[in-house]
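First up is the structure itself, then whatever we jot down about it.
The values are calculated or read from the model by the stated rules, or taken from the named source; none is laboratory data. Remember, it's a predicted structure, so these values are computed and weren't measured experimentally. Cβ atoms come from the backbone with ideal geometry, glycine included; neighbour counts cover every protein chain shown. Note: accessible area is taken over every heavy atom of the protein model, side chains too, but ligands, DNA and RNA are not part of it. Shrake-Rupley method; radii C 1.70, N 1.55, O 1.52, S 1.80 Å.
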Amino acid sequence: MNSATARMRIWRALRSLGCGLLRDGAYLLPYSPLQQQVLKVLSADTVREGGSAWLLIVHAQSEDENDAYRALFDRTGNYLELFKALATARKTLTKLAPQEITKSLRKLRREYEAVREIDYFPNDTSAQAEAVWMDFVSAADSLLSPDEPHAISAAIARLELSDYKGRTWATRRHLWVDRVASAWLIRRFIDREAHFLWLESPSHCPADALGFDFDGATFTHIGDRVTFEVLLASFGLEQDRGLLQLGAMVHALDTGEGFVPEANGFEAMLAGARQRTEDDNHLLNEISVVLNLLYAHFSNDLQSSEIQK
């Protein structure tokens, strides 16, 4: 290959894919159509830069050979490094400002997901890593969002929008994902004349206010649904697929379950907005712009998908 820069770029691409090294210049990946397509692109890039590349499908000739191939993809070392990083971060977590916690969480999430993405043969260490990661996320969330509600087991009653106009709605101050998204949902789709109270503590909620996203609130987590999803179900908004996808994003960020590509970007923007202001009314106004755009994106994207079917 003529260019050292090109060699380094392609080597880094192979490394990011988690390729196993058979020998110098010979790399192995578990077969899948997606991996094959990625390697075809890298192969063409290599040839274009003056190098040589061959793509071969390799079949293990014995169980021992198959075990040897699989051993090339053992991610124990990667997970041990992640465990150390999480343990170090956990020691200082309670001393960090909210924006520093969010920054640390975002960085470690990228590291965790990078290892998971190339963990082609998950094992007990993979399961342990998931448990350690979720424990760290829970600890960070408890600091970012104290008084986070516990899910209750109950039926979700269907409510009439006409009964919820011009009401006072209340939730915990220092808005984060589920609360800010729920407030946006209320103001745009449920009660356009809503008045919001941002509570220092759930115990400060007035008796005539509609509380949301705290224990004992009128609207809170039910079963595996976060508050945003409970509001969708309560007011018959689940037929709006744009809102449904927003709900999936909020769920993924609030619980750590599921994956929505736009979630990390939304979380980063919300963290940036929280650094700019401590006023929750201002924060809601700023993030409402983002949520409006995401709603339009999800709605148009889903409509396009339906047309293409």
Original post:
Can you name the number of the only condition in (1) within 21 Å of the chain's Cα centre (by Cα); (2) at pLDDT 90 or above; (3) open to solvent by less than 90 Å² (accessible area, probe 1.4 Å) that residue 71 fails?
Top reply: (1)
Subject >> Checking residue 233 against (1) among the small types (Gly, Ala, Ser); (2) out of contact with any Phe, Trp or Tyr (no Cβ under 9 Å at 6 or more places or on another chain); (3) part of a helix (DSSP H, G or I); (4) at pLDDT below 95, the condition it does not meet >> reply: (4)
Original post:
Among (1) charged (D, E, K, R); (2) over 30 Å from residue 13 (Cα atoms); (3) loosely packed, with under 13 Cβ neighbours inside 10 Å, which single condition is residue 124 missing?
Top reply: (2)
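For residue 215, state whether it is surrounded by fewer than 22 Cβ atoms within 10 Å (Cβ to Cβ), over 20 Å from residue 240 (Cα atoms) and under 25 Å from the mean Cα position of the chain (by Cα). Steps first, please.
Numbers: surrounded by fewer than 22 Cβ atoms within 10 Å (Cβ to Cβ): yes; over 20 Å from residue 240 (Cα atoms): yes; under 25 Å from the mean Cα position of the chain (by Cα): yes.
Answer is yes for this residue.
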**OP:** Please state which of the following conditions residue 285 fails to meet, knowing it meets all the rest: (1) part of a helix (DSSP H, G or I); (2) at pLDDT below 95; (3) open to solvent by 50 Å² or more (accessible area, probe 1.4 Å).
**Re:** (2)
**OP:** Determine whether residue 175 is open to solvent by less than 80 Å² (accessible area, probe 1.4 Å) and out of contact with any helix residue (DSSP H, G or I) (no Cβ under 8 Å at 6 or more places or on another chain).
**Re:** no
**OP:** Please list, ordered by first then second residue, the pairs with beta carbon atoms under 6 Å, 6 or more apart or interchain, first in the range 207-231 and in contact (Cβ under 8 Å) with a residue 60 or more places away in the chain, second aromatic (Phe, Trp, Tyr).
**Re:** 227/212; 227/219; 230/219
